[in-house]
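Below: one structure, written as structure tokens.
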Amino acid sequence: MKFNEIRSQRMDKLPFKLGQTYHRVEEIHDEYGGNRYSGIAPCADYPYIFIFFGEAGEWHGYDDELCDDGRLFYTGEGRDGDMTMDAGNAAIRDHATNGDEIHVFESEEGPWEVTYVGQFEYHDHNWLRLPDRNDQMRDAIRFELVPAGGLEIDTGVSDLDEISLDELYEQAESSVSGEGRTTSESSSRTTYQRSKVVKEYALRAADGVCRGCGEEAPFLTEEGEPFLEVHHLHRRSDGGADHPENVIAICPNCHRRVHHGRDGDEFNQELISRAEELHSR
């Protein structure tokens with residue numbers, strides 16, 4: 001199939017499965033093309049741009065961050081000297097205009113092993129000062145990428161408090177696929193970030209009680225609401241997403257325990273089990 005024919009088709013099924021690990025050379029580049037050694041790899045014969053990130057990028061002066069709300073801050077290409085907005089960098093910025101899809105992978109410990117994080121879209125970029133691989137300061141590009149479909153959904157209402165817990169779950173669940181659902185015929189509509197809808201669901205479901213230790217929230221916010229933090233049970237790179245069944249509201253102490261405690265991994269497994277029990281009822 002020729003390039004233009006492929007580009008004109010709607011990709012109803014992604015070529016990769018979220019959270020699955022692939023051999024970068026054999027299963028990605030040999031199949032679709034793109035430079036196997038580049039962090040940004042546009043394909044000549046397919047409307048795909050592959051992006052790779054991981055700890056090794058820090059050795060080359062890259063500063064990448066995958067946030068809990070789904071955004072990816074990604075440093076542009078160029079190991080030495082000032083970066084320029086061309087080649088792979090321009091491909092990211094202009095991907096929507098060019099009809100290209102951005103597919104992101106996180107590097108694993110094994111040689112050529114990468115895990116599929118998901119399909120993303122360009123949202124913005126900024127210039128900052130970062131060291132290159134020779135520790136020389138240079139002008140660098142940092143992209144802000146968001147999951148395909150965007151981070152915003154139209155709930156059809158002006159206040160999330162107007163939505164019942166069940167309706168909030170439906171909004172949060174449907175927003176993962178970018179579909180969105182209208183729950184009201186009200187003429188006053190507000191577009192919310194997907195992560196905000198999911199967060200609101202987790203907090204509402206907890207009803208002021210930490211899902212980790214079972215204690216009430218340690219204090220009230222200025223608005224008089226119980227203060228709890230929303231934790232993602234599975235990282236996006238492990239197949240997790242902004243989905244109501246992948247979040248849980250816990251107190252700050254339990255949240256720190258998950259991320260910094262000696263038994264953090266074990267405790268997270270306990271939280272996963274509790275969340276599964278809650279959603280099976």
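Of all the C-alpha pairs in the stretch 3-147, what % are more than 19 Å from each other?
I get 50 percent for the Cα pairs in the stretch 3-147 exceeding 19 Å.
If each residue's Cβ is checked for other Cβ atoms within 10 Å, how do E106, E27, E222 rank with the fewest at the top?
Ranked by crowding around the Cβ, least crowded first: E222, E27, E106.
Based only on other Cβ atoms within 10 Å, what is the fewest-to-most ordering of Y22, Y74?
Ascending number of Cβ neighbours within 10 Å: Y22, Y74.
Write down the percent of antiparallel bridges among all DSSP beta bridges whose residues are both part of the stretch 3-147, to the nearest 5.
So the antiparallel bridges in the stretch 3-147 amount to around 85 percent.
Laboratory data are not the source of any read-out in this text; all were calculated from the coordinates shown. Predicted model, so just to flag it, every value in this text is computed and none were measured. FYI the Cβ positions are ideal-geometry reconstructions off the backbone, even for glycines, and counts take in every protein chain you see.
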